[in-house]
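What follows is a short report on a single structure.
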Amino acid sequence: MNLSQTLCEFLEDEGFEVVCVYEGEAAQEALYEKQFDLLLLDVNVPNINGFALLKEARKAAVATPAIFITSRDGLADVESGFASGCDDYIRKPFALKELLLRVRSLLRREFGHVGSAVVALGEEVAFDTVGNALHVKGQTHPLGRKEAQLLAYFLKRRGEVLSHEALQEALWSYEETPSETALRTYIKNLRKLIGKEKIVSFKKLGYKLTTA
């Protein structure tokens with residue numbers, strides 16, 4: 001638990017939003033109730049170990065990138081980790097800086113660009129996926145948490161028409177009440193910054209992000 005608290009505090013200090021749980025069943029519940037950009041999974045946890053948890057998640061079509069954190073260092077354990085569907089594997093003890101580099105590397109890969117945490121959305125417009133800010137014509141505009149989540153989800157599904165229901169599921173957790181009014185407000189705020197033409201409305205269907 002001490003390691004979990006240390007990692008939570010460290011990643012929050014680096015600007016990430018972190019959900020921290022301490023045993024397998026709680027992790028499984030969180031995984032199906034919330035939307036995550038990345039999973040950090042310890043292997044040796046109560047109830048459901050990390051290998052089994054991720055294996056079941058992959059069977060359920062959860063494609064979120066995952067890093068295993070473990071003291072197991074045998075080749076068979078590494079093979080088990082990758083066989084269960086992880087994207088990276090880090091052995092204890094490790095430097096926090098190394099973990100941060102691996103986290104950022106996977107997030108860059110998830111957003112489909114190389115060497116930078118910044119995604120270009122057009123001429124003089126870019127989204128900092130780590131700092132949750134838009135850079136527009138040389139000026140930086142911090143985004144609210146929901147607005148950043150919305151833009152990140154659009155980027156992951158760029159070119160697709162996303163229904164109102166899909167967007168609400170991406171933005172609101174199981175415990176929260178989705179709001180169509182709030183969704184429209186977040187889209188309106190993003191359009192003011194990136195241009196109305198970048199988020200196209202399709203009547204009764206939803207919205208699509210275009211970065212062309």
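The values are calculated or read from the model by the stated rules, or taken from the named source; none is laboratory data. None of these values were measured; they are calculated from a predicted model. Please note: Cβ atoms are built from the backbone with ideal geometry, for glycine as well, and neighbour counts cover all protein chains shown. Just the protein is used for accessible areas: all its heavy atoms, side chains included, with ligands, DNA and RNA removed. Shrake-Rupley method; radii C 1.70, N 1.55, O 1.52, S 1.80 Å.
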Test: residue in segment 60-78 that is open to solvent by 60 Å² or more (accessible area, probe 1.4 Å), of a type in the set (Ser, Thr, Tyr) and under 29 Å from ALA148 (Cβ atoms): no
Which listed residue is touching an Asp or Glu at 6+ places or on another chain (Cβ under 6 Å) and charged (D, E, K, R), from LYS156, LYS196, LYS146, LYS137: LYS137
Count of segment 86-107 residues which are buried (at least 17 other Cβ atoms within 10 Å of the Cβ), over 21 Å from GLU17 (Cα atoms) and out of contact with any strand residue (DSSP E or B) (no Cβ under 6 Å at 6 or more places or on another chain): 0
Which numbered condition SER105 fails, given (1) farther than 21 Å from GLY131 by Cβ; (2) at pLDDT below 85: (1)
Top-ranked residue in segment 26-49 [being charged (D, E, K, R) and in contact with a helix residue (DSSP H, G or I) (Cβ under 9 Å, 6 or more places away or on another chain); ranked as farthest from ASP88 (Cα to Cα)]: ASP37
Complete set of residues in segment 29-61 that are closer than 23 Å to PRO178 by Cα and at pLDDT 85 or above: GLU29, ALA30, LEU38
Number of the exception - VAL114 against (1) open to solvent by 70 Å² or more (accessible area, probe 1.4 Å); (2) at pLDDT 85 or above: (2)
Helices (runs of 4 or more DSSP H) within segment 1-100 that include 1 or more residues in contact (Cβ under 8 Å) with a residue 40 or more places away in the chain: 2-13, 24-33
